[in-house]
Structure formats: C-alpha cells, structure tokens
Amino acid sequence: MAPQLTLQAPLELPPTEVSPYLTQLWSQGLQGATGAATFTLVVWEPAWLEQHLIRTGRCDGPITGLVNEERLEAARLAVSECGLPFSTAPMAPDLAWALGQLGGEHQAQDLRGQFVSGAISAHMPRRLITLAATLADNHPLETMVAAYCPLPEEGGTGGACGDVVVLKGGMGALHQGLALISPLVGNDLPCWVWWNGSLDEAPEMLSALAPIPRRLMVDSSLGTPRRCLDLLVERIGAGQAVNDLNWLRLRSWRESLAMVFDPPGRRDALNHVVQLDIDVEGNHPVKGLLLAAWIADRLGWHLENSFVIPTGEASGDGFGAEFQRTDGESVRFRLMPVPVGVPKAHPGALVGLRLICAPAERPPLCVILCSESGGCMRLESGGMASMELAEEVVPLPNESEEMEVARLLGGGHDTTNPLLAAAVPLAAKLLAH
Amino acid sequence: MNAILTNPLRVGLRQERVISPQCIVIFGASGDLTHRKLIPALFELFRQRRLPSEFAVLGCARRPWSDEEFRSRMATALGEEVRNHQSAWEQFASCLFYEPVDLEQPEHVVRLGQRLEVIDRLKATRGNRTFYLSVSPAFYGSGCRSLAAAGLLADPSRSRVVIEKPFGRDYGSAQQLNKVVGTCAQESQIFRIDHYLGKETVQNILVLRFANAIFEPIWNRNYIANVQITAAETVGVEERAGYYESSGALRDMVQNHLTQMLALTTMEAPGRFDPEAIRNEKAKVLQAARLADEQEPWNCCVRGQYSSGGSQARPMSGYRQEPGVNTNSTTETYVAMKLFINNWRWQGVPFYLRTGKRLPKRMSEVVLTFREAPVHLFDAAGGSPTANQLILRIQPDEGAGFLFEVKAPGSGMRSRPVDMHFSYDESFGEPSDEGYVRLLADAMLGDPTLFTRSDEVEAAWRLYTPLLELIDDSPWQLPIHPYESGTWGPGASDNLLANDGLMWRRP
C-alpha cells in the first residue's frame, strides 16, 4: 500500500496555539464533518538512521520515517564503511550511531508525520501525533497541524476526518513539547503509542508518552537486550497493553514449530524434549530468547539456571540454560550468535532452531527449523543419523513495520497477549548477566 | 505414556486476520439461533482473542429485555461453556447489550441508531457495524429497508448485513428479494450465509483441488464416471415443523448446502484466490447445471417422507405423526435427484444428490467415482475390479479417502480394493471451529468468499425450478414415497441409480 500524504499542507503554528486551533477547526472549520471515532496514535519517530543516511549523502530525501528497501540497501552498504561486523543489521542502533560519527551536511525536506503509511491511514486515525526528533539538538520546537478527510478510494465517505500534529525539534525542545500531548490525546478514544526507535533512548520521554492505559507498541530488537526485556517486564507487569513487533515477527517460527506437532502421533514427543538450540544473527539474543521462553512456557518447563557462553567472537556471546521438565528430567538450552553475510533488517533475526526429543522406547525425534534466507548447517551437524528428522523451512515475514502496526491498530486489545506476557519474564531470566 | 491431548504450541496462533473494532447487531436475539449458534460462536472468537477490545454485541428483538436480562439469558443458554470459562464470560458479557426493536417500526430503528452511537462512544467501535438478520425470512426485505431508511447502511465500508437462509422460496422470490436488498445496500455489504461453507472440509474441497497438481488433470468427464453428493441426518423434524412443512428437504438442504458442495466440486479454477473470482466460477458452473430431464423432471427426482420405524426399545414416529405436522402432509423429508452440468469439463457426467432425515447415519460426503481401467488384466477378489473413488468426507470423521485396487496377498495376481485415508483428527488433532465461528469472523472482516452472491442464489433456485413448479402445481407427478425411519430412503431412490447401472455408496 502506497504511503499517503496529508491532503492539506500542514500549517505551522506556535505550540501554544495548537490545541485552540484544533478545537476551533473541528467546531467551525470542518462543519459537516465529524472526527473519526477511531483512536489516537502517538509516534516517537526519531528516524536517526534515515536522517544520517541522508545527511551523509547515502540516500536522497525527503525524510519520511518510513523504512523502505532503498534505505535498507544504503544501510547495508554503510555497515562495512563504518567498520562494523558484517552481521550488523541495517536497523541496528549501532549503525545509526556509527553513521553519526561521519561528516556530511546534506539537507532534505522533513516530512515525518505527514507521510503516513497507507496501511495505517486506512484505519482513519482520529489524531496522529508524531514526535520527530532532529539531529541538531538545539533545533527549536516546531509544531505543525493538518486536518484530512479520507478520499473515497481509501474507503472514506468524506464525513469522518482526522488530524495530524507534528512536533519537530531537538531533544530538549521535544521535552518542552510534551506538555502539549496530554490535552491532544484526550480520554474518549483508545490511544496507541508507537515507540519507533531504540528502547535505550529517552526513557523519560517514553514514560511521559506512554502511561497506562495507553497501549504501547515497541520493538525489542532495537536497544540493548537487557533494557528491552526489562522494559517489557516492567510494562507488562504494571498491566499495560504492550505489543512487541519483535515478538510478532516470531509468528512464522511459532506456526512452523506448532505445525510439526499438529499430528497427534507426534505430540507425545513434546513431553520428552531433551535439547533446544537456537541460532540468531549477530549479538542480539532477544528474539531467540522470546522463542525459547515461549516454548518453555507452553511445555511447562521450570528454569533451573542460566549462564553466558563466551565465544570470543565479534558476533557476541551465547546463552545457555538448564530447564526441568514437568517429569523432572532436564532440558539443555543453547542460544548462539552466528555470523551472517547479509543480515535481515532487524538485529537478532532467527537463523535456525533445533529441538531434540527422546521418548522412551522410540527413536529420538529431531526437529530443525531453518530460516528461508539462510542455512542451518550448524544445527544439522552431528549425531542425527539415528533420529527421525522433521525439517522445515520457515518463510520470511513479508510485512513491513507499518503493516504490523496497522494490524494492531485495526483490531487491538487493551491487554497484553497472554503468550507474550508469559514469555517475557522467562526470557529476561534467560538473559543471564 | 503421558499423552498430550492438544498441541500446546498451537494455542493462540489463530490470529492471522484481525477483526476491526465493531458492533454486531443481532436481530432475532430472543430466538433459537442466537443462543445456540451466534453467541457461542462470538464467545469462542472472544476466547481465542480474535475479537478486538473495542467490540460489542447488540441483541435486538421485540421482547422488552434489559442488557442484564439478555446477558443472563445468554449465560444460562451457554451453560457449561460459561461455567468452564467464568472469567472470560464476565469480560465478554460486558460487551453484550440489548435494545427492544421491532424492525417494522421506523421509530424503533431510529432509536436503534441512537443506541448504536452510544455504544460506539462507550466501546470505541468506530461506527463499524454488522447487522445479522436472524429473523423470519418474511422480514429480510423489510428489515433491510428499515435499516437503509434509517441511514444505517449508508457507509459500505462500515456496515454490512448478514442474511440467514432461506434466501427466497424459489427463483422468482429470490430475484425479488435480491432486488429489494440491492436497493438498500451494495452487493459487497450483503453476506448471505450458508453455514455449510463454514465447514473446514467444505473449504478443503477448494484446497484439495487447486493446491495439488495431481487432481485437476483428472477432474473431468474423461476420468470421472459419476459424482454422488450426500447429506444424511439421523434426526427427524424435531421442533422445526412449522418451518419445515413449508420448505421440505429440497428447499431446506438441496438448494443451499448440497448445491454449494456441488459448485465447489465442479467449478473451474479461479484465476486468483479472491472472493469475486471464486464466486464468479461458482455462479458460472451453477448456471451450466441442469436437471437430468427438465421436460419430465419426475424421471430424475425422487421424493420421500419418513414413516415410523426404529426398534421396540427406541421407536421412531413417522413424519406425519410429528407435532405440528399436517397428518396428510406431502412435504418431502428425503429427496434424491440426478443432474448434469453442460460444460466442457462435465458434459455427460451424472451428478446424484440426496439428502434426508431419519437416515441411519449422520454424514455428508462427496464421492467421485472414476472410470474403470480400460482393460482388466487381473481377477478381482470381488468379481470385478472396484472403480477408484475419491471420497471427501464433510462430516463426521472429516477428511478424505481414496479407494484403489492393490494386489491381494497370495500366490495369484488377484486385486482387491483398499482405502487410503486422510483424517483431520489424525493430522491436525484439533477440533475445527464450528461453521458459525468462521463465518461470523469472515463477515466482520468483510470477507465475502464463503458467502453466496446474488447470482449464485438465483442460479441455484433456477436449477430446481422445474421441480419446484411440479411440486407446487402437480405434486402427484412427483409423488412422496414413504420410507421407514432409520433406513437409507425409499426404494425408488435406489432405482434412480439402478437405471444407470449404479448404486448409492453405503457409507
């Protein structure tokens, strides 16, 4: 779905006039139109990577906040130029930081907040508030406002409209602008907060933007693993509806693994798992740990201990754990980072999974799931000749960030998915210090 | 061995499509279908987290119930389901509302619109509405008109109407109803429900045919000798005598359920998996279908009516002795017929359809019998080789079987038939969702693939018009053959196939 621009050029207003202007607009300027009774979406949109790619002349503008193939390709090329390991994912905050150390003064028009993904605009947000942090820390606060009514071809009938508010500026200026947000959000419609950046940055901004009961959308592949998991634990524990895009990207892995055990004849093997191995790209284990935690939770395993497995490699350390099954037997878990030549967009994408089950008086069953884009030779090696082998290739998710967000906005919940809520605390424990 | 009954990794994975915030409005909320099928289906969707938090059900009927009374009645009706999931029910019940509405009263419909606006604000349902007409068919047209007049169908992207069967009584009335409904809403807003299409196994006909390269090349007149479609029920008319007396098996089962199975079995491959592409192909094949003898339909159709039967321990009364049934009733509880499809794929292949009440077994299936091998090289254990059969079991024991000849063990070269068996239970182990779960979700998603389009409905009625006219105008030409309860229908039905040198498959 093509991105949609706001129909009306945004009007730049002094921050103090934003709220009165919108009130006046809806009461007088848009007579005959009603505000869509949908939701408010607040987006933290620093787009550091895109801003640096443009500033250093690696991409053309405008700055939109949307990730596309051109941006990802430019980011992949920049990985080696910045001297980062080949396994560094293009979306990794490390890359944006490294690009930030390079010179360059290219300028481009900044359309963040006005360039709305078609998938999101199709849900007709009542109000879309974008916080667009600029590279220049001393950039003063700019506030822009636009109203829009969906075109008939977008499914609109012209009667239900929304508005767009953009707050742009340096970090200090955006902090000042936070006071504007609450009156704009209101309490009559659900509010979603999409933290479309690293979870390491601006924690006080995150706290201010996403108090309960606002529904939070984050990406636990962006940020240090400990911070990502701790934040999920804290927010879910506090009762907030949390949606993790990194968890959603596990969908095809969970589906593929469940499919192996759909035939009832295979199910008993789940009672006899003795070993679980997961390989991930680079040094971001959160996605792999969430998958392991989901399996452990679903199978009722109890965590005995967890530990770091030093590798001495640039790709990072591994993680190990021992679980106890419901029958008291042990399960050995290992998560290892593996170097890859062409990493996927997000850090810590899964490369492969191996689950070995050893039922009594039956041949062992070895389940191997491999990523569509890479092999899993490491998991295929060693001692499986006598086992029944179930090997599946997991399709790559083909949906953009915005599509995932749109799915959540299209029919979301005011509570956290119970499977994620159960997996997160366990994943946090698996991430041994 | 500690067996795991369900796949613990499967839990929570049925979230592939997201239902938008919305309010489903059920007209006829005090009726049987609401508490037996609709509310249980919605509760199941809720428990699977497939409904958004911004969701509401507004029950509407003439009875002056309150929200609380509606909730309490639904809780009572769901019984054990509620007791087993008490906390989920409490959350779900908070989404249930009730509004006394008589669709014939314009002021009631205006009040309904106001109530919906209140619910929109309360539950943030965004003005998305699915109106479910679970009312007497006589009110389908006027119900749609009332909704349209109140502006409740004005936005095609946000409002849709689900209409239960029967959609019309014959070709003329279906055309008329389509015309009325078409003036109230766009075709994309109309969801004519046939719960058979909600069954996994019925949908599997499409997947089996079009996801496997091996079937399609032989799925035609060159390889298939005949097709039998059966929907057998063990129950009698039960409490539905009032409705059944005026419909009979032809209208109640054949025109919709069996015809949908026929369409899915015989349609051409759609160019893409798209609702309109699929419905185009279904409509086309139904337009090509004809009774085997349209001029003298009594030659290709048998009607029957169950008489008493059963055993001394469990006697079963005859249809005419059922409460609410006319003692001289000529309503058919069994019907069998022969059809042809006049197109390149199916020319000359007979299709035999049968359905009945009080038959020995509850089952639905589609059986494709292939042509015999051109030369019989081997002696067959049964005298002559059994023709290959592909059996699509719709219910129960959902799955498919393939009957083919193999060498019987021993020193000779005798052949005997064996059955290759696929079972949903054995392969997936999870019970399929009830048809209404799937169809309600699809209606709320605005996906019409599994709903019947106006031209399909009309083509289906047109197909049976010669029979319906005969039944209405000169029923003696299509007499009712009595059959004993618990048997496979009247002998005349067997003769229908015997005339072609065939017999019904005994499942």
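The values are calculated or read from the model by the stated rules, or taken from the named source; none is laboratory data. Just so you know, these numbers come straight off a predicted model, no measurement behind them. A quick note on method: Cβ atoms are made from the backbone with ideal geometry, for glycine too, and the neighbour counts reach across all protein chains shown. Side chains included, ligands, DNA and RNA excluded: accessible areas come from the protein's heavy atoms. Shrake-Rupley method; radii C 1.70, N 1.55, O 1.52, S 1.80 Å.
Give me the accessible area buried between chains B and A, both sides summed, with a 1.4 Å probe, in Å² rounded to the nearest 100.
Numbers: alone 22960 and 18220 Å², together 38130 Å².
When B and A are taken together, about 3000 Å² of accessible area is lost.
Once all protein chains are placed together, residue B:55 keeps about 0 Å² accessible to a 1.4 angstrom probe. Using C-alpha pairs under 8 Å with a sequence gap of at least 6, the mean separation divided by the residue count of the range B:156-258 gives a relative contact order of 29 percent. Solvent-accessible surface (1.4 Å probe) assigned to residue B:397 amounts to roughly 80 Å². Take every pair of alpha-carbon atoms less than 8 Å apart whose residues are at least six positions apart; their mean separation over the length of chain B yields a relative contact order of 17 percent. Among residues other than residue B:376 with Cβ under 15 Å from its Cβ, the summed charge is +1 (Lys and Arg +1, Asp and Glu -1).
Straight-line reach from residue A:429: taking Cα to Cα under 17 Å and skipping same-chain neighbours fewer than 8 places apart, the lysines in range are A:287. Contact with the other protein chains removes 40 Å² or more of accessible area, compared with the isolated chain and a 1.4 Å probe, from these residues of the range B:46-80: B:49, B:53, B:54.
Gain on full extension, evaluated as 0.36 nm per residue between residue A:330 and residue A:377 minus their Cα-Cα distance, stands at 14.4 nm. Given only helices, namely DSSP H runs of n ≥ 4 each adding -39500 (n - 2.57), what is the per-residue ellipticity at 222 nm of chain A, to the nearest 500 deg cm²/dmol? Calculated mean residue ellipticity at 222 nm is -8500 deg cm²/dmol.
If contacts are Cα pairs under 8 angstrom and at least 6 residues apart, what is the relative contact order of chain A in percent? Kindly include the intermediate steps, with their values, before the conclusion.
Numbers: 898 pairs, mean separation 72.6, N = 433.
Over chain A, the number comes to 17 percent.
Would you work out if the range A:276-389 is rounded, prolate or oblate? Take a ≥ b ≥ c from the square roots of the eigenvalues of the alpha-carbon gyration tensor; rounded if a/c is under 1.5, else prolate when a/b is larger than b/c, oblate otherwise. Don't jump to the answer; show the numbers that get you there.
On the way: a/c = 1.97, a/b = 1.35, b/c = 1.46.
Here the range A:276-389 falls in the oblate category.
Distance between the pseudo-spin-label points of residue B:402 and residue B:62 (7 Å out from Cα toward the beta carbon): 5.6 nm.
Using a 1.4 angstrom probe on heavy atoms only, work out the carbon and sulfur share of the accessible area of chain B in %.
Values: 11020 of 21360 Å².
The nonpolar share, carbon plus sulfur, comes to 52 percent.
Using a probe of 1.4 Å, the accessible surface attributed to residue A:26 totals some 40 Å² when neighbouring protein chains are kept in position. Cross-linked pairs A:168/A:344; B:165/B:282; B:165/B:199; B:37/B:282; B:284/B:338; B:361/B:407: Cα-Cα separations exceed 23 Å for A:168/A:344; B:37/B:282; B:361/B:407.
Solvent-accessible surface of the range A:48-100, averaged per residue with a 1.4 angstrom probe and all protein chains in place: 42 square angstrom.
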